[in-house]
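See below for the structure under consideration.
The values are calculated or read from the model by the stated rules, or taken from the named source; none is laboratory data. On a predicted model such as this, the values are computed, not experimentally measured, just so you know. Cβ placement follows ideal geometry from the backbone for every residue including glycine, while neighbour counts extend to all protein chains displayed.
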């Protein structure tokens, strides 16, 4: 069976945080089993919020781009039509999936991915590669068995990377 067709979608939503301009940007990878996303906030230079963030937390989860704007990683997460773990309650209305949505994510992982993206000179392929791995781990038919196996690796980064790479290879070979 061929691997599922995954669709890339990037959205930019201009909004205000209080009275301050900002943008909410989302990289979304959609497939037949659900979706994974990277969400980031962009604060333009010269705004009061930009000044406050720079002054109060210059090394916090913010990265300055080449134009002086601040980026903050907000979420690496997923949207699933089915529960991913025991006692997983559905979220409220979902702008990604029609019907029930079981979602979760991590701001800490988003901060790390933001730094990786910036180090790669803002190359979106870094984001898409990470989201492809996320999709494979979450939605592969053997995903539950893989998550159990990863839990037994006691956080050994090399072993986790090897297990994820093997799953991605199997997924693309299927």
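See the values below:
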item	result
Residue within region 84-96 that is in a helix (DSSP H, G or I), surrounded by fewer than 17 Cβ atoms within 10 Å (Cβ to Cβ) and either touching a strand residue (DSSP E or B) at 6+ places or on another chain (Cβ under 8 Å) or at pLDDT below 85 (or both) present	no
Hey, residue 104 at pLDDT 90 or above and exposed (fewer than 13 other Cβ atoms within 10 Å of the Cβ) or not	no
Every pair of residues 6+ apart whose Cβ atoms lie under 7 Å, when the first sits in region 63-87 and is without any contact (Cβ under 8 Å) to a residue 12 or more places away in the chain while the second is in a strand (DSSP E or B)	64/70
Whichever residue in region 58-80 is surrounded by 16 or more Cβ atoms within 10 Å (Cβ to Cβ) and not in a strand (DSSP E or B) and, among such residues, is modelled with the highest pLDDT	69
Failed criterion for residue 154 (all others in (1) part of a helix (DSSP H, G or I); (2) surrounded by fewer than 14 Cβ atoms within 10 Å (Cβ to Cβ); (3) modelled with pLDDT under 70 hold)	(1)
Residue match in region 131-147 (condition: at pLDDT 90 or above and either within 30 Å of residue 46 (Cβ to Cβ) or over 16 Å from the mean Cα position of the chain (by Cα) (or both))	no
Scope region 100-146; condition assigned to a loop (DSSP other than H, G, I, E, B) and more than 17 Å from residue 28 (Cβ to Cβ); matching residues	100, 120, 121, 122, 123, 140, 141, 142
